[in-house]
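All remarks here apply to the structure that follows.
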Amino acid sequence: MDNRLTFLRTVAPFNLLPEEVLLGVVGLLVEEQHPREALLYQQDISKLRHLDIVVEGEYETFFYDSEQHKRLPEAYGPGTCYGGMSILLNKKRSLRTVVVHKGTRVLQLPRRDFRALCQAYEPFFHYFTARYGERMLDEEYAHFVKPASPPEQNFLVADQLFSRRIQTLEVRRLVTCPSTEPIYEAARRMGAAKVSCLFVTDAAGGVVGYCTDITMRDTVVAQRRDASEPVLAIAATPLVSISDQAFVYEAILLMFQTKTRYLLVERGTEYVGFLSRNKLLSDLAQSPFMFIQAVKLAQGSPELKRRWEMVPDIVNQLLSRGVKADIVNQVISTVADTIAVKVIENVMAERGPAPARFVFMVLGSEGRQEQTLLTDQDNAIIYEDKANEQRELVRAWFLRFATEVSDQLDHIGLHHCTGGYMAKNPKWTHSLSHWKRNYHQWMSESNPETVMQFATFFDCRYLYGEKPLFDELQAYLHQELTQPLDRFLFFMAKNALQYEPPLTSFLRNFRTFEQAGQQVFDLKKAMTPIVDLVRVYALQHQIFRTNTGQRLAQLQKQGVFKEQQYRELLQAYYYLMGMRLQQQARQIINDHSAPTNYVDPVALTQVEQVTLKEIFKVIADFQLKIKVNFTKSL
C-alpha cells in the first residue's frame, strides 16, 4: 500500500487530493496486468468501467478515420490516467481507440469512486474538463469527437456547455445604427445585414438599446406608428451582457432569467458581439435548456405538471455526467421559476389587470436558487401603497390572486410550504410601506423568533412584476444595514449555530438517529450551518447576492474569507448538495418513493465517508470562528 500511495502522490490530478483521501483511494484500486499487446478500447464503442492509471508500460491511443488510418496518436506512459474525459463527457464511452503494449501494468479506480472524487474536489474534476476544453479547441480533435449518432440521442454537445467558455464560440457581430436614424432606415439596415436584432447607439457610439423584428411588428406596424420617427423611440431596454470568460451554460441561464433573446458579449470594457438564444438552443437537442424552453411554451397546468415530473430524470442525467451541483441547482430553480411565471401569467389572464403595481418574489432556497427535488413554495407579494379607501379592496384582490397561484403550483408539484411562508398567507402579502416596517422591526427588535423569520426574507429574489418596487425595498434594507446591528447579528449567529455537524465528539463516527428502521443523518441540516453563517457575514458586509456560492465569492473578494477558507466552504457546500440531489433523484426514479434528505452512513463508500468527515470538520471550524466573531464567547 505504501508504494501505491507514494506513486499516487506523483500522478495528476491525484496529487491535488488531501492525504487522508489518497489513503482511502489506495484501498479502492485494482491492479491489472497485460502480458501481451491487445486492442483494449474502441473509440465511441467500448464502455469504461474504471479510470486507468498507467504504472508500467504504455497505452497507445488514436482516432481511426473513415479509411481506418490512425489519426492524432498519443502515448499514455507511467504516471498518466486514461478514461476521465470519456467517463465524464462521452457517456462513459472511450473517446479514443486504445492499444495496450505488452507488459503494461495499470491501477484501476472504479467508475463510481472516480465520479465521487470529481463531485467532492473541484480541482480534481476541473483537471479533466479543462483538458477536454483545451483539446476541443483543436479543430481536428473536435472533428473526431463529434457525435456520430443523432443529436437527440447524444448528450456530448450539452456536456460541452458546462466546460466551454463563450470566448470559444463564434459570436455574431453587432449591427448598429444611430439613435436619431428613422425607423424605416433601421429596418432597411436589418434587411441588408440579414439580422433580426439591431443595436441602437448614442452620439458617443455607446449601445443604448436594441430593436428586433418583433419590435417592428408589435410596436411599429401593429400600432401604426410613423416610420419616420427616430429609432430610439422604439428601442428596447435594458441591455443584458455577459463576459466572454463566462461559461456557455451561464449565458443560456441568464437569457431565461432575464427573458431576453439577445445577449451582448463583453471583452474587457468593449462589446465584441452578441449571442442569439434561438441559435444556441438549436444546437442543444434534448439538453436541459431545450427542456426549459419546452416548459416556457407549455399551455396549461396539466402540461406544466408533466414537465415538472420529468425534472428528476434531467437531474439524474446531469449528475451522472459529472455536472456540478451548483449548475444543477440553477437548472432546477430556472425550471421552477419558469413554471411559476407561467402560472402567474395564466391567473392574470383569467382575473384581469391587478388593481396596483406589484412584485411576486421568491424566498428561502428558491430565492437562493438552491432548490432540490424535495422542495416547497416560499414566496411573498409586495404591492404599491394605495389611498385608504382602496387599501382593503386591493389587499383582498392580491390575497385571492396569491391563493390561486399557490394552489395551482401545489397541483403541479411545487407543494405548499408547511411553515406557511407563502403569499396566500395574509402575513406575507403586504404593501411596500408595510414590508419596510417588517424589516425595520425584525432588525431593531431582534429576538430568536424574529431573526428566524428575517433569515428567510433576506434570501428574497424578484420573480415577476414591477421590479422598481423590489429595488426600493432592497434600497431600504441597504439603509437599515448601515445602523448598529450588534444585537441583530448576535441572534442571527446564535440561530446559525443551533445545528451541529453529525460527528461524534471523537470525530470518528457519524451521529445518527433512527428513521424507518435505519440509522441515518440529515444532509439538509448538515448543510444548514454553511447557509446560515454565510448569510450572517453577507448581512454584516451588505452583500445582496442571495445564492450561497455567490455570497461566498463576494466575501472572499472583499477579504472577509481567505482563499483557502473560501475554497473549503464552497467545496463542502456543493459536495453535500450533490449528494442530496443524487439521492433524491434515485429515490424518485428507482424506488418510486418520495425524496428525503436522510443518508445511511453504512451505504456510503469509503471515499464518501472520509470526504464527509473532512467536510464536517470544516463546518465545525467555521462555527467556532463565528462564535468568536459574533457571540464574543467560546
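Among the residues of the range 363-393, write down those that are acidic (D, E) and touching a Phe, Trp or Tyr at 6+ places or on another chain (Cβ under 8 Å). Spell out the reasoning first.
Kept after step one, since they are acidic (D, E), are these residues of the range 363-393: 366, 370, 376, 378, 384-385, 389, 392.
Of everything in the range 363-393, those that are acidic (D, E) and touching a Phe, Trp or Tyr at 6+ places or on another chain (Cβ under 8 Å) turn out to be D378, E384.
Based on this model, can you work out whether L533 counts as assigned to a helix (DSSP H, G or I) and in contact with a Leu (Cβ under 7 Å, 6 or more places away or on another chain)?
In short, no.
Among the residues of the range 333-347 satisfying the criterion of being of a type outside the set (D, E) and touching a strand residue (DSSP E or B) at 6+ places or on another chain (Cβ under 8 Å), which is nearest to K259 (Cα to Cα)? If you could, list the steps in order and put the result at the bottom.
Taking the range 333-347 as the starting set, the residues that turn out to be of a type outside the set (D, E) are 333-336, 338-344, 346-347.
Restricting the remaining residues to those that are touching a strand residue (DSSP E or B) at 6+ places or on another chain (Cβ under 8 Å) gives 340-341, 344.
Working: A340: 14, V341: 11, I344: 15 Å.
In this case the residue turns out to be V341.
Say we look at the range 346-363 and pick out the residues that are at pLDDT below 95 and of a type in the set (D, E, K, R); which of these is farthest from L318 (Cα to Cα)?
Residue satisfying both the conditions and the ranking: R351.
If you go through the range 345-363, how many residues are buried (at least 18 other Cβ atoms within 10 Å of the Cβ) and either part of a strand (DSSP E or B) or over 30 Å from the mean Cα position of the chain (by Cα) (or both)?
Matching residues across the range 345-363 total 6.
Kindly indicate whether D378 is in contact with a Leu (Cβ under 7 Å, 6 or more places away or on another chain) and not small (G, A, S).
Taking the combined requirement at face value, the residue satisfies it.
Within the group E60, E74, which residue is of a type in the set (D, E, K, R), assigned to a strand (DSSP E or B) and free of Cβ contacts under 8 Å to residues at least 24 places away in the same chain?
E74
May I ask you to list the residues in the range 318-333 that are hydroxyl-bearing (S, T, Y) and surrounded by 22 or more Cβ atoms within 10 Å (Cβ to Cβ)? If you could, list the steps in order and put the result at the bottom.
If we filter the range 318-333 for residues that are hydroxyl-bearing (S, T, Y), which is where we start, we get 320, 333.
The one that is hydroxyl-bearing (S, T, Y) and surrounded by 22 or more Cβ atoms within 10 Å (Cβ to Cβ): S333.
Can you find a residue in the range 309-322 that is in contact (Cβ under 8 Å) with a residue 12 or more places away in the chain, touching a helix residue (DSSP H, G or I) at 6+ places or on another chain (Cβ under 6 Å) and closer than 30 Å to A396 by Cβ?
The answer is no; no qualifying residue exists.
Of all residues in the range 425-447, count the ones that are surrounded by fewer than 18 Cβ atoms within 10 Å (Cβ to Cβ) and in contact with a Ser or Thr (Cβ under 9 Å, 6 or more places away or on another chain).
Matching residues across the range 425-447 total 1.
Select, from A380, A387, the only residue that is small (G, A, S) and crowded, with 20+ Cβ neighbours inside 10 Å.
Values: A387 fails: crowded, with 20+ Cβ neighbours inside 10 Å.
Just one listed residue meets the conditions, A380.
Considering only residues that are within 26 Å of Y598 (Cα to Cα) and among the hydroxyl-bearing types (S, T, Y), which ones fall in the range 480-522?
Within the range 480-522, Y499, T504, S505, T512 qualify.
Inside the range 380-418, can you point out the residues that are of a type in the set (S, T, N, Q) and at pLDDT 95 or above?
Matches in the range 380-418: T403, S406, Q408.
Give, as residue ranges, the helices (runs of 4 or more DSSP H) completely inside the range 364-471 that count at least 3 residues that are in contact with a helix residue (DSSP H, G or I) (Cβ under 8 Å, 6 or more places away or on another chain) and more than 28 Å from N316 (Cα to Cα).
Answer list for the range 364-471: 388-412, 432-444, 448-458.
Residues of the range 1-25 being assigned to a helix (DSSP H, G or I) and within 22 Å of E122 (Cβ to Cβ), which ones?
L8, F14, N15, L16, E19, E20, V21, L22, L23, G24, V25
Among the residues of the range 204-245, which ones are among the aliphatic types (A, V, I, L, M), more than 14 Å from F274 (Cβ to Cβ) and touching a strand residue (DSSP E or B) at 6+ places or on another chain (Cβ under 7 Å)?
Residues of the range 204-245 among the aliphatic types (A, V, I, L, M): 204, 207-208, 214, 216, 220-222, 227, 231-236, 239-240, 242.
This time we only want the ones that are more than 14 Å from F274 (Cβ to Cβ), so: 204, 208, 214, 216, 220-222, 227, 231-235.
Passing the criteria: V208, A227, V231, L232, I234, A235.
Restricting to the range 611-634, name every residue that is buried (at least 19 other Cβ atoms within 10 Å of the Cβ) and more than 26 Å from the chain's Cα centre (by Cα).
Hits for the range 611-634 are I626, F630.
Within the range 57-75, can one find any residue that is in contact with a Cys (Cβ under 9 Å, 6 or more places away or on another chain) and in the same structural domain as F14 (by TED's automatic domain parsing)?
Within the range 57-75 (the criterion being in contact with a Cys (Cβ under 9 Å, 6 or more places away or on another chain) and in the same structural domain as F14 (by TED's automatic domain parsing)), the answer is no, since none of the residues qualifies.
Only one of Q474, Q483 is surrounded by fewer than 16 Cβ atoms within 10 Å (Cβ to Cβ), touching a residue at least 24 places away in the same chain (Cβ under 8 Å) and outside any helix (DSSP H, G or I); which?
None of the others qualify; the one that does is Q483.
Could you list, in sequence order, the residues of the range 283-297 that are outside any helix (DSSP H, G or I) and either under 24 Å from E170 (Cα atoms) or modelled with pLDDT under 65 (or both)?
D283, L284, A285, Q286, S287
Out of all the residues in the range 304-317, which are surrounded by 15 or more Cβ atoms within 10 Å (Cβ to Cβ) and modelled with pLDDT of 85 or more?
Of everything in the range 304-317, those that are surrounded by 15 or more Cβ atoms within 10 Å (Cβ to Cβ) and modelled with pLDDT of 85 or more turn out to be L304, K305, R307, W308, V311, P312, I314, V315, N316.
Report the residue count in the range 212-269 for those that are over 25 Å from the mean Cα position of the chain (by Cα), farther than 16 Å from S196 by Cα and among the small types (G, A, S).
4
Just one of (1) over 30 Å from Y566 (Cα atoms); (2) out of contact with any strand residue (DSSP E or B) (no Cβ under 9 Å at 6 or more places or on another chain); (3) not β-branched (V, I, T) trips up D138, so point out which.
The number of the failed condition is (2).
Among the candidates Q564, Q519, single out the residue that is surrounded by fewer than 18 Cβ atoms within 10 Å (Cβ to Cβ), assigned to a strand (DSSP E or B) and not assigned by TED's automatic domain parsing to the domain that holds Q371. Working first, answer last.
Details: Q564 fails: assigned to a strand (DSSP E or B).
Q519 is the lone residue from the list that is surrounded by fewer than 18 Cβ atoms within 10 Å (Cβ to Cβ), assigned to a strand (DSSP E or B) and not assigned by TED's automatic domain parsing to the domain that holds Q371.
Just checking, which of L393, L374 is within 18 Å of the chain's Cα centre (by Cα), touching a residue at least 24 places away in the same chain (Cβ under 8 Å) and not assigned by TED's automatic domain parsing to the domain that holds R545?
L374
Only one residue in A186, A251, A192 is touching a Cys at 6+ places or on another chain (Cβ under 6 Å), part of a helix (DSSP H, G or I) and not hydroxyl-bearing (S, T, Y). Which one?
A186
Within the range 581-607, can you find the residues that are in a helix (DSSP H, G or I) and either touching a Leu at 6+ places or on another chain (Cβ under 7 Å) or polar (S, T, N, Q) (or both)?
L581, Q582, Q583, Q584, A585, Q587, I588, Q606, V607
The values are calculated or read from the model by the stated rules, or taken from the named source; none is laboratory data. Bear in mind that the values here come from a model prediction, so they are computed numbers and not experimental data. Backbone-built Cβ (ideal geometry, glycine too); neighbour counts: all protein chains shown.
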